[in-house]
Amino acid sequence: MSQGLAIAIKDIKTEFRTKEMVFSMLVFSLFVMVAFYFAFYFYSLSSEALEPLVSPILWVTFFFAGMFGLLTSFSKEKDRGSLEGLMLCPMDRSAIYFGKVLSNYFLILLVDIFALIFFVLFFSYDFNGNLLPVLVVVFLGTFCFVVSGTLISGIAVNAQDIRGVLIPILLIPIILLTVLMPSVNATSKALEGDIIDAIPELRILGVFAVIYIAIAYLLFDFVLEE
Amino acid sequence: MGELEALYIGYSIIWLGLFGYLVYLHMKQVKLANELKLLEEMVKKE
Amino acid sequence: MKFDKRLETVILILTVFFVLLSIYTALIYTPEVREEDGWSAPKAQKIFYFHVPAAWVSFLAFGVVFIMSVLYLKNSLRKWDTIAFASAEIGVVFCTLAIVTGPIWGKAEWGVYWRWEDTKLTITFVLWLIFLAYLLLRGGVESENKARLAAVFGIIGFACVPLSFISSRIWQSMHPNVVATSEGSMSSETGIGLLVGVVAFSFLYMFMLRKRIAIQEMASKIEDLKEKIGGI
Amino acid sequence: MPAIEIKNLQKRFGRKKVLCDLNLEAESGEFLVMFGPNGAGKTTLIKILSTLSRPSSGNVIINGFDIKEESMEVRSTIGVLSHNPFLYDDLTLKENLIFYSRMYKLKKDEKTLKTLADEVGLLHRMNDRVGQFSRGMKQRAAVARVILHNPPVLLLDEPYTGLDYKAWEMLTDILRKFHEEGKTIFLITHNVELGHRIGERLAILVNGKVAFECEKKNMDIEAFKGKYHGLMGAQK
């Protein structure tokens with residue numbers, strides 16, 4: 001486990017030296033928000049009309065920006081050959097997975113928070129004091145997304161030419177029912193102010209996070225091995 | 001779309017689909033069998 | 001070898017028999033459902049005798065992919081991988097048919113093509129997407145561990161779906177107004193009709209599976225021979 | 001006790017057989033060089049020995065540990081150096097070494113890291129990013145990474161690729177030093193002259209099999225070259 005942590009720290013450190021990934025994720029999430037804003041421009045949405053759209057807009061942005069991060073988390077290591085260096089270390093292969101989960105979680109959460117700020121600015125949205133419950137949902141939903149996405153990213157990295165398309169193709173059908181739907185529903189409920197109502201969805205997210213981690217723990221050896 | 005029409009369309013899609021897939025499999029099999037024969041003959045010659 | 005040939009003949013005969021029988025039961029034997037029972041399109045309802053079995057057989061096929069993937073990861077024998085791949089392809093064929101015929105009936109019965117609120121529909125659709133992705137993964141990865149990656153994905157994909165089915169009960173309780181099932185009350189004749197359909201399609205699945213595996217084996221034999229000739 | 005013991009090793013990729021029935025032994029402290037043309041299965045062999053790839057059948061024992069059953073122990077007894085340094089360009093040399101010592105669960109203080117860097121002649125570049133290093137310096141840094149956990153067995157896969165003369169000499173000196181220290185060295189290369197110069201025992205891999213094996217003292221370079229080129233003709 002300490003090795004997983006070391007990998008995560010190393011990833012975050014290198015990321016903040018180059019800032020390529022975080023920066024492009026941030027810009028991308030900004031652009032998605034801009035796109036949504038102009039797409040709804042014609043309707044000049046009142047705050048009431050906006051209400052049901054808030055959580056779908058947020059989660060679509062989170063997921064597409066997050067997929068950028070997942071794209072490089074393994075391919076960078078694979079292309080430079082440093083993945084082999086990690087695999088030579090005396091530790092369980094799942095430590096690599098856990099390390100990547102931690103670093104991806106950190107980076108994607110960061111982008112999520114910026115996306116939230118962009119959203120508030122563009123749509124001049126007011127959380128009415130419900131920000132805290134929304135953040136709880138965002139933290140849990142993003143965790144579930146990262147846990148499944150890192151596993152899929154490990155699979156897709158083996159397809160040299162088409163790995164860029166393969167991650168969304170493999171990931172989207174997997175997360176539709178297990179992450180996307182519960183996260184969006186829970187966020188809508190949290191926006192209405194009753195986080196208690198959202199507990200069933202949060203439970204689903206928690207259960208699936210555990211399931212994905214268990215699958216990764218069992219099968220990640222097979223994903224990396226040559 | 002009338003009820004019976006829906007039924008006819010549904011049935012034809014199911015059976016054409018299945019039959020089409022079977023034909024596709026069969027053609028592929030025949031093609032591969034020919035190729036295999038050719039290669040086996042070549043191996044024998046050598 | 002001889003046993004294999006005989007088995008093939010037996011499966012073929014049984015397939016043809018049950019397919020013909022299923023057409024008979026679907027069109028003639030089973031009574032028409034009545035409008036009084038809440039069906040707005042009683043005639044179109046007869047699509048069911050093939051629509052439901054197609055969906056069932058696709059679930060069966062995806063289940064086979066799951067089991068074969070687990071077996072392959074356990075002892076990496078090529079035959080498990082071949083079966084998994086063949087089964088996934090056939091499962092997608094059956095699932096596509098079920099998904100296409102569903103809306104045709106739905107339009108006649110409900111007036112809309114699709115009801116997203118119906119969890120059964122949604123889950124079938126998601127399974128279909130997952131196994132389309134599975135086939136793409138098999139086509140896209142050109143490395144030696146393609147089979148292993150596909151097996152891992154097959155396990156993830158199939159494991160998630162029954163679980164989301166269970167969890168969907170929670171969603172349904174949250175949306176009390178949209179509980180919709182695609183079967184109404186069932187008489188015993190309807191049950192028999194569906195059963196015959198399921199049996200017929202299961203045999204058809206077996207027949208296709210064997211054919212698909214045979215094709216796969218031929219293809220790998222051809223590769224072997226090509227290498228041999230190239231090597232000399 | 002032999003340091004490396006390979007018995008009936010086979011590796012198939014799908015239907016393709018890369019290694020067939022490979023048998024090889026290296027005594028502890030021995031400098032074994034294996035030659036082979038491209039596609040003979042050299043890299044596959046190193047990958048199996050370093051537990052990156054699983055053998056299809058057969059047994060490999062390294063320093064008394066089975067690579068299939070005790071892969072963790074094997075990984076901590078070997079050091080692998082290939083043409084790729086496995087270092088992170090965006091981290092400094094010191095950070096790279098600290099990272100890898102964490103991965104090997106070693107506690108390294110400033111002083112040991114400095115000694116290590118000094119050993120490969122990079123003390124003055126400790127705090128520079130590896131991305132700015134030249135090819136030769138990167139390879140030297142990689143040597144520091146390899147000997148971080150002081151492994152008794154070294155596996156080297158074409159470590160000379162792309163090195164200039166100076167770096168070449170330096171690597172050779174380091175390898176000699178390790179050999180004198182009693183480390184087992186298993187070097188894989190297609191450079192016959194180099195391998196013959198530094199190796200102690202020589203082996204040739206052709207078509208996934210050990211086609212020839214000899215002590216260096218029993219064969220001079222010209223004879224060995226002739227043998228090698230003769231065997232090359234048999235390669236598919």
#### Entry: Nearby lysines by direct alpha-carbon distance to A:Lys189 (threshold 28 angstrom, same-chain neighbours under 8 apart not counted)
C:Lys120
### Message
Which of rounded, prolate or oblate describes the protein assembly as shown when judged by the alpha-carbon gyration tensor and an a/c cut-off of 1.5?
### Response
oblate
### Query
Excluding ligands and nucleic acids, what accessible area in Å² is computed for D:Trp168 using a 1.4 Å probe, to the nearest 10?
60
### Summary
Where a ≥ b ≥ c are root eigenvalues of the Cα gyration tensor, a/c under 1.5 meaning rounded, otherwise prolate if a/b exceeds b/c and oblate otherwise, region D:121-175 counts as oblate
### Summary
When chain A is treated as a Gaussian network with springs between alpha carbons less than 10 Å apart, the largest mean-square fluctuation among A:Asn104, A:Asn185, A:Asn128 is found at A:Asn128
### Task
State in Å² the accessible area per residue of the protein assembly as shown; use a 1.4 Å probe, count heavy atoms of protein chains only, and round to the nearest integer.
44
### Query
Taking Cα atoms, how many degrees apart are the long axis of helix A:93-123 and the longest axis of chain A, rounded to 10 and kept between 0 and 90?
20
## Note on the structure
For D:Arg12, other-chain or 5+-apart residues with amide H closer than 5 Å (H placed, Pro excluded) are D:Val18, D:Ser56
### Query
Under 17 Å from the Cα of D:Lys225, which lysines turn up, not counting those fewer than eight places away in the same chain?
D:Lys216, D:Lys217
### Query
Can you give the average number of partner chain beta-carbon atoms within 10 Å of each beta-carbon in peptide A:152-161, as a whole number?
5
#### Entry: Electrostatic dipole magnitude of chain A [Cβ: Lys, Arg +1; Asp, Glu -1; Cα centre; debye, to 20]
480
### Task
Give me the accessible area of A:Lys13, 1.4 Å probe, in Å² rounded to the nearest 10.
90
### Task
Do me a favour and compute the ellipsoid semi-axes for region D:84-226 from its Cα gyration tensor, root of five times each eigenvalue, largest one first, whole Å.
31, 16, 14
### Query
What 222 nm value per residue comes from the helices of the protein assembly as shown, counting each DSSP H run with n ≥ 4 as -39,500 (n - 2.57) and dividing by all residues, nearest 500 deg cm²/dmol?
-22500 deg cm²/dmol
#### Entry: Counted charge near A:Pro133, where neighbours are those whose Cβ lies closer than 13 Å (Asp, Glu -1; Lys, Arg +1)
-3
### Task
Find out how many positive minus negative residues lie around C:Glu89, taking Lys and Arg as positive, Asp and Glu as negative, among other residues whose Cβ is under 12 Å from that of C:Glu89.
+4
### Task
Inverting the mean 1/r over all pairs of different Cα atoms, compute the Kirkwood radius of region A:2-224 and quote it in Å.
18.1
## Note on the structure
With every protein chain kept in place and a 1.4 Å probe, the residues A:Asp112, C:Asp81, D:Asp21, A:Asp221 fall, from largest accessible area down, as D:Asp21, A:Asp221, C:Asp81, A:Asp112
### Query
What is the magnitude of the charge dipole of the protein assembly as shown about its Cα centre, with +1 placed on the Cβ of each Lys and Arg, -1 on the Cβ of each Asp and Glu, and no other charges, expressed in debye to the nearest 20?
1960
### Message
Using 31 Å as the Cα-Cα cut-off, could you pick out the over-long pairs in D:Lys68/D:Lys227; D:Lys111/D:Lys166; A:Lys13/D:Lys16; A:Lys78/D:Lys209; D:Lys7/D:Lys183; A:Lys13/D:Lys105?
### Response
D:Lys68/D:Lys227; A:Lys13/D:Lys16
#### Entry: Per-residue mean of C-beta atoms belonging to partner chains within 10 Å, peptide D:42-50
1
## Note on the structure
By the Cα gyration tensor axes a ≥ b ≥ c (a/c under 1.5 gives rounded; else a/b larger than b/c gives prolate, otherwise oblate), the shape of chain B is prolate
### aspartates and glutamates with Cα under 17 Å of A:Lys19, excluding same-chain neighbours fewer than 8 positions away
A:Asp11, A:Glu77, A:Asp112, D:Asp89, D:Asp90
### Query
Shielding of D:55-67 by partners, i.e. mean partner chain Cβ atoms within 10 Å per residue?
0
### Query
Going from most exposed to least, what order do A:Met1, D:Met219, A:Met25 have by accessible area with a 1.4 Å probe?
A:Met1, D:Met219, A:Met25
## Note on the structure
At R0 = 56 Å the Cβ-Cβ FRET efficiency linking D:Thr172 and A:Val120, nearest 0.05, sits at 0.35
### Message
Keeping all protein chains in the complex and leaving out DNA, RNA and ligands, what accessible area do you get for C:Leu195 with a 1.4 Å probe, in Å² to the nearest 10?
### Response
110
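The values are calculated or read from the model by the stated rules, or taken from the named source; none is laboratory data. Remember, predicted model here, so these are calculated numbers, not experimental data. All Cβ positions, glycine included, derive from the backbone under ideal geometry; neighbour counts span all protein chains shown. Heavy atoms of the whole protein, side chains included, go into the accessibility calculation; ligands, DNA and RNA do not. Shrake-Rupley method; radii C 1.70, N 1.55, O 1.52, S 1.80 Å.
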